[in-house]
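Take a look at the structure below.
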Amino acid sequence: MKIKDIMSAPVYVVSPDENVARARNLMLRHKIGRLVIVENNKPIGVVTKKDISRRLNQAEPQWRRRPIDDIPVRKVMTESLITIFPEATPRQLAELMSENNIGGLPVVNNRNEVIGIVTKWDLIRYFSTLDLDLKVKDLKIEPALTVHRHHTISHILHELDTNMMDRAVVLQENDMPVGIITSSNLTFTEMKNKRGGLPQKEIKMTRKESAAGRKQNRYIEEVPLVAEDIMSCPIISIKGDDLATYAAGIMVKERINGLPVVGNGVMGILTGENIVKSIMTMFDEPVEKKGIILGSSK
């Protein structure tokens, strides 16, 4: 199996001088998470949804005040580009992604022209088709960070930051999982109120003027949002004895990067990164670097 057999084509590209609004609209329209930046028919960078939200949030005030249709893509793109040749193997791709902590690479020909793109999801889909007697519990699943459904967003942000994790399983009173919260749910650019703080909600209370009286509403404002207000539910989980390929198939079908592994409570989280790393150890042949281009394409 070669990269050319699992890559996606055609590739959606933008020029560095096109605006961020167009890049964002392309991502939403085609349900993709990254675009290749091309100049003079050569790839010079990449931009992802996370790049757009993070870079604009961290930008200087004059940029935050500009509408996104006035901001060129070159201001938010990642210029150091890593590409791969179509004859490379899935294992080479897995090693490259793991070593550089990236989720997708442009596929280029010998003229450095983009002919496709390959992502973590393509690797997971490839893994799901393999005939392997490998169970979820055999993979090095990550420990799960758990929060209560009534924990505030501020508390969850603190826990994610302290534990350097990007997702938390939400539990109810009996310690059973009821939802999941990821870092994308908690992006500051989407989670700020008009005063720049964390969002809040209004709670409407009712009380009676007398035993048989008319109900009268009372509003209590600025109650912090809690986990159950933003979590993704119902939760999709797997068991340790499930086949790893079956779990990978669920991840691809549901477009989920983390599946809670349950048994006697929450045992851990199976992530796309776990599967990528497992691909690195499935084959014994040496990994040749000739199918890979590292560094800037400029």
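The values are calculated or read from the model by the stated rules, or taken from the named source; none is laboratory data. From a predicted model like this one, the values you see are computed outputs, not experimental measurements. Every residue, glycine as well, gets a Cβ built from its backbone with ideal geometry; the counts of neighbours run over all protein chains shown.
Just to verify a result, which residue in the range 1-23, among those that are surrounded by 18 or more Cβ atoms within 10 Å (Cβ to Cβ) and touching a Lys or Arg at 6+ places or on another chain (Cβ under 9 Å), is modelled with the lowest pLDDT? It comes out as 20.
Among the residues of the range 144-151, is any out of contact with any Cys (no Cβ under 8 Å at 6 or more places or on another chain) and at pLDDT below 90? No, there is no match, as no residue in the range 144-151 is out of contact with any Cys (no Cβ under 8 Å at 6 or more places or on another chain) and at pLDDT below 90. Would you be able to say whether some residue in the range 191-202 is assigned to a loop (DSSP other than H, G, I, E, B), out of contact with any Pro (no Cβ under 8 Å at 6 or more places or on another chain) and at pLDDT 55 or above? No, the range 191-202 contains no residue that is assigned to a loop (DSSP other than H, G, I, E, B), out of contact with any Pro (no Cβ under 8 Å at 6 or more places or on another chain) and at pLDDT 55 or above. For the range 106-160, the tally of residues that are over 19 Å from the mean Cα position of the chain (by Cα) and in a loop (DSSP other than H, G, I, E, B) stands at 16.
Cβ separations smaller than 8 Å between residues 6+ apart or across chains give no pair from the range 231-245 residues that are in the same structural domain as residue 141 (by TED's automatic domain parsing) to residues that are aromatic (Phe, Trp, Tyr) and modelled with pLDDT under 90. Within the range 146-178, the only residue that satisfies the criterion of being out of contact with any Leu (no Cβ under 9 Å at 6 or more places or on another chain), surrounded by 15 or more Cβ atoms within 10 Å (Cβ to Cβ) and free of Cβ contacts under 8 Å to residues at least 60 places away in the same chain is 155.
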